[in-house]
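Data first, discussion second: the structure below is written as structure tokens.
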């Protein structure tokens, strides 16, 4: 019994140590990224990762550069034939990409450095609030709008240069699928084949 | 003291919130047609829902993720579309039936045709989901739903059942050509009781109420005791229908006919009690269905959600809720009798049960979510048995629907 308790305590200590490692130094698997929740620094959930964009460096490393969201990316996940159909109707209007540098942490959600209003993803939420719900009594629009107006744009906490240097080794994250060595499987990024489209803030 | 109150409230609301249009329709018709011959199906369905509710509550309390979160994150978007599509189809039918149940209850009290009261029922649901907090939505109708305990009082006034009726417990009176109808009701009872919306609602409710790993006891008691006692309402209605409607050869073809079972022992008061019970249970279920589907969609697509936030803070969640409610109103305005719609919805739910429940087998054994609270062999065996039953029911549900003409 005592041995079991000791093992449990040691396991908890190991987990705490793992969490103290900078997010940028962790080795990630696809499960940590794809379909995971995107959450801004002001605790607002703005969407989920639909796809990723990666770059094959000259030294052979495959590095993650952007997170993608939107109906076209999702359509491509369902079927590659569906993507051009969705593109025909939507013309990239609802596609968004977030540079990987914006990600501050990967667990339990993908935490972003900025506030919700700093990202184009989730703009539909604000549009619905401002153009439809505001006219319905009890929507809370007035207080919400005033709070947004008073909010400062940008990250929730200021980052000093020293903090950024201490945290980052690479500017981009190396990724691998479960069971694959880092940088050897170019198919990791090819969940769908598409041209990158920049809708960053 | 706070924990005891929370547990008591959980039990009470589970009791009051168990019944809905589907369970009223299936229990009433089962009792009227086959006496006690379908009690076993009700008990089986209750055991299954207890297990599933306990599991989904445990999952959310420990992982802090909802069921919809887990399906999207673990299985990917492509798989997620299947339970999503099945829920949208099945629950839109069920919501229309629940709104119809509310309208019929109001009709029984006021005498006005339920067709005119249907939009009023939808408006009531809209106002409540727009303005009420999660606690009020969860607890309000459920506490009022305790009026379903009057079914037990009615049975007491009727006295013990005759031996010939008691024998139907192990020898259901299935006449020639009634085999398909009997099996159809089995499928409908399972679909009505093991409604996936309950799992999405319960899971999301655990987050709304800030459950954590310390809430496992509350979860277990709510699931076992609450759901167990909650099924008493269904069982009581089945028994009432068997004792009153069966001998009179009333087939319980409408919700109003089922109410006659209360009128015999308790007179006009019984009729009003049934109407009130129908109103509160269908209203509570309608609220839960609307919320459950909105939770599912919002969580699956990663939108901000929550009943305790202002609508502008969760705009996409509320807009979807309004659109879904309008779709159900459109279905209901076609004019199909709510009892028939409830039976059909239960059959469709039964058809899609394997899709809705199969993720359980994987997520409940994933230590990444549940740490050391993953399923043991008993729970896993139970899930496999539930899935086998669900597959069997799914295969036969639509053919039986066609053969029997919907009960």
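Every number here is computed from the coordinates shown, using simple stated rules; none is lab data. On a predicted model such as this, the values are computed, not experimentally measured, just so you know. Positions of Cβ are generated from backbone atoms using ideal geometry, with glycine treated the same way; all protein chains shown enter the neighbour counts.
Rg/Rh, computed from the Cα trace of region B:110-261 with Rh as the Kirkwood radius, has the value 1.02. Along the Cα-to-C-beta direction of residue B:82, a point sits 7 Å from the Cα; which residues of region B:381-407 have their amide N less than 13 Å from that point? The answer is B:391. Note on B:333, B:163, A:34, B:227: ascending count of other Cβ atoms within 10 Å places them as B:163, B:333, A:34, B:227, the fewest first. Given a Förster radius of 35 Å and the C-beta distance between residue B:135 and residue A:91 as r, what FRET efficiency does 1/(1 + (r/R0)^6) yield to the nearest 0.05? Efficiency computed from Cβ-Cβ geometry: 0.20.
At 0.36 nm per residue, and after removing the present C-alpha to C-alpha distance, how many nm does the segment from residue B:174 to residue B:112 gain when stretched out fully? Can you show the working numbers first?
Values: separation 62, 0.36 × 62 = 22.32 nm, distance 3.72 nm.
This chain segment gains 18.6 nm when fully extended.
Principal axis analysis of the Cα atoms in region B:297-407 yields extents of 51, 47, 18 Å, listed in decreasing size.
What spacing in nm lies between the two simple spin-label points modelled at residue A:31 and residue B:333, each 7 Å away from Cα in the Cβ direction? Distance between label points: 4.8 nm.
Give me B:341, B:81 sorted ascending by neighbouring Cβ count inside 10 Å, so fewest comes first. Spell out each step's value before the answer.
Working: B:341 27, B:81 15.
Ordered from fewest to most neighbouring Cβ atoms within 10 Å, B:341, B:81 come out as B:81, B:341.
For the segment B:46-53, counting C-beta atoms of other chains within 10 Å of every residue's C-beta and taking the mean gives 0.
From the C-alpha coordinates alone, can you work out the Kirkwood hydrodynamic radius of chain B, in Å? Before the final figure, lay out the partial values.
Details: mean 1/r = 0.0477 Å⁻¹.
By the Kirkwood definition, the hydrodynamic radius is 21.0 Å.
Against the longest alpha carbon principal axis of chain B, how many degrees, from 0 to 90 and to the nearest 10, is the axis of helix B:196-208 turned? Relative to chain B, helix B:196-208 is tipped by roughly 50 degrees.
Roughly how crowded by other chains is peptide B:291-302, in terms of the mean Cβ count from those chains within 10 Å of each of its Cβ atoms?
On the way: counts 0, 0, 0, 0, 0, 0, 0, 1, 3, 2, 6, 16.
Whole-number average of other-chain Cβ neighbours for B:291-302 is 2.
Determine the shape class of region B:133-192: with a ≥ b ≥ c the square roots of the Cα gyration tensor eigenvalues, call it rounded for a/c under 1.5, and otherwise prolate if a/b is greater than b/c, oblate otherwise. Numbers along the way, then the final one.
Numbers: a/c = 5.10, a/b = 1.55, b/c = 3.29.
Here region B:133-192 falls in the oblate category.
Taking beta carbons within 10 Å but only from partner chains, what does the mean come to for residues A:127-140? Before the final figure, lay out the partial values.
Numbers: counts 2, 9, 9, 2, 1, 6, 10, 3, 0, 5, 2, 5, 8, 5.
The shielding value for this peptide is 5.
For the pair residue B:248 and residue B:388, the difference between a 0.36 nm per residue extended length and the Cα-Cα distance amounts to 46.7 nm.
Relative to the longest principal axis of the Cα atoms of chain B, the long axis of helix B:39-63 lies at roughly 20 degrees. Highest GNM mean-square fluctuation among B:54, B:138, B:304, for chain B modelled with Cα contacts below 10 Å: B:304. Between B:132, B:188, B:394, the GNM of chain B built on Cα springs shorter than 10 angstrom shows B:132 fluctuating the most.
Within a 10 angstrom radius of the beta carbon, how do B:282, A:156, A:41 rank from fewest other beta carbons to most?
Details: B:282 31, A:156 15, A:41 18.
Fewest to most other Cβ atoms nearby, the residues stand as A:156, A:41, B:282.
Remark: relative contact order (chain B) = 36 percent; criterion is Cα-Cα distance under 8 angstrom and separation of 6 or more residues. Taking the Cα centroid of region B:249-305 and of region A:36-89, what is the distance between the two, rounded to the nearest whole Å? Taking the Cα centre of region A:36-89 as reference, the centre of region B:249-305 is 42 Å away. When the Gaussian network model of chain B links Cα atoms closer than 10 Å, the mean-square fluctuations of B:313, B:299, B:251 top out at B:313.
Rg and Dmax over the alpha-carbon atoms of region A:72-129 stand at 13.9, 35 Å. A full extension of the chain between residue B:126 and residue B:381 corresponds to an added length of 87.7 nm, given 0.36 nm per residue minus the alpha carbon distance.
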